[in-house]
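The values are calculated or read from the model by the stated rules, or taken from the named source; none is laboratory data. Predicted model, so just to flag it, every value in this text is computed and none were measured. Please note: Cβ atoms are built from the backbone with ideal geometry, for glycine as well, and neighbour counts cover all protein chains shown. Side chains are part of the model used for accessible areas, which takes the heavy atoms of the whole protein and leaves out ligands, DNA and RNA. Shrake-Rupley method; radii C 1.70, N 1.55, O 1.52, S 1.80 Å.
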Amino acid sequence: MSIFNYKQRNNIILVTIIALGCFLLYALSGLFSAILGAIVLFTIFRPGYIYFAEKKKWNKTMVALLIIFSSLIVIVIPFLSLSFMVIGKIASINKSTFPIHEWTAQVDAFAARNLSQPHFAETTLQKLGTYAADLFPSILGSAAGIILTLLVLYFLLYFMLTQRIEFEAGLLKYAPFREQHTLKFATAMRNSTYSNVLGQGLIAITQGTLLALGFYAFEIPDPVFWGVIGSFMSFLPVVGAPTLCIPAGIIIMAEDHTVKGILLIAYGLLFIGNVDNVLRVIINKRVGNTHPIISVIGVFIGLPLFGILGLVFGPVLLSYFLLLLEIYETNRLAADRLERMRTTTDT
């Protein structure tokens, strides 16, 4: 006969479940990017899967595979290709294939004359180089790591899609709040994902393209590379791609082309910056409003955890966290009201 009563056994089982859950989370920490990526892609492609597989009655496996193939072609392969291009260009800068030394010398001379900062460009470049070297290898460290992450991501995504009803029913069953709050959280999570991923992605592509076109028109070397860098920087609403026009304009002015440099800076700050603001207003109205503070803090949270993917995952995670806080607050207020009602009834 057991020495534990019913309540004690349940408490022991609960503690065991929590301990094993913590251990599993620790063991899967290296695959957290894949898990979060699967959730994001499922949220994005869920309406399309429902339309083709459930309304049009297409084969579920075929639709899931088409979604996986489309995401590879449209999202994953371009992102990885651009990231590898950035790594290659950073390496080429280190090998002095760019006229980087001439640029830094000119900017330092300009800063020494006008700002009393004779080593401004050299110091800034060293800091940026160190930061970039730490940032990109965290996602592009090894081909094996990339392949493993993608395999886990698409393995999870495939079963999330083909077993969508069972997957969502399980989430409803084990969610720690009421069904209406769960559905509210799902809707808010979808809007937040669309805003942070699709909305910010559209802004990044637009700003990067405009920056590349501007650099090409002003004869800045390798405008495509700088356009890609601008696309990554566009996920930072305070910094953004337009700020790249400032050092480029200073370099041009240091080469005694003052008017041309001023025009480039004006093009970045006034034209590209305003296009960014207009797109954000449109996206916030149609998709969901992500406050700039969430984007900035989310990026600083995400970069150390996910590398360059943190530009997307950081704001998404922070948005999810704030949604959970909101639901918790709603539940707590509802519980307080019920408690007051019981107290009033008893008295």
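Look at (1) under 14 Å from the mean Cα position of the chain (by Cα); (2) surrounded by 17 or more Cβ atoms within 10 Å (Cβ to Cβ) and you find that Thr206 fails only one, number (1). Taking Met189 as the residue in question, decide whether it is closer than 19 Å to Ile327 by Cβ and open to solvent by 30 Å² or more (accessible area, probe 1.4 Å). Judged against the criteria, Met189 is a match. What residue, among those in segment 262-305 that are open to solvent by 40 Å² or more (accessible area, probe 1.4 Å) and outside any helix (DSSP H, G or I), is modelled with the highest pLDDT? Looking at residues that are open to solvent by 40 Å² or more (accessible area, probe 1.4 Å) and outside any helix (DSSP H, G or I), I get His291. Among helices (runs of 4 or more DSSP H) entirely within segment 1-76, having at least 3 residues that are open to solvent by 80 Å² or more (accessible area, probe 1.4 Å) and modelled with pLDDT of 80 or more singles out 6-27, 60-71. Taking (1) assigned to a helix (DSSP H, G or I); (2) β-branched (Val, Ile, Thr); (3) modelled with pLDDT under 70; (4) surrounded by fewer than 13 Cβ atoms within 10 Å (Cβ to Cβ) in turn, Val259 satisfies each apart from (3).
For Gly314, the criteria (1) farther than 30 Å from Arg178 by Cβ; (2) modelled with pLDDT of 75 or more; (3) touching a helix residue (DSSP H, G or I) at 6+ places or on another chain (Cβ under 6 Å) hold in every case but one, which is (1). The residue of segment 155-178 that is farthest from Leu41 (Cα to Cα), among those that are open to solvent by 80 Å² or more (accessible area, probe 1.4 Å) and not hydrophobic (A, V, I, L, M, F, W, C), is Arg178.
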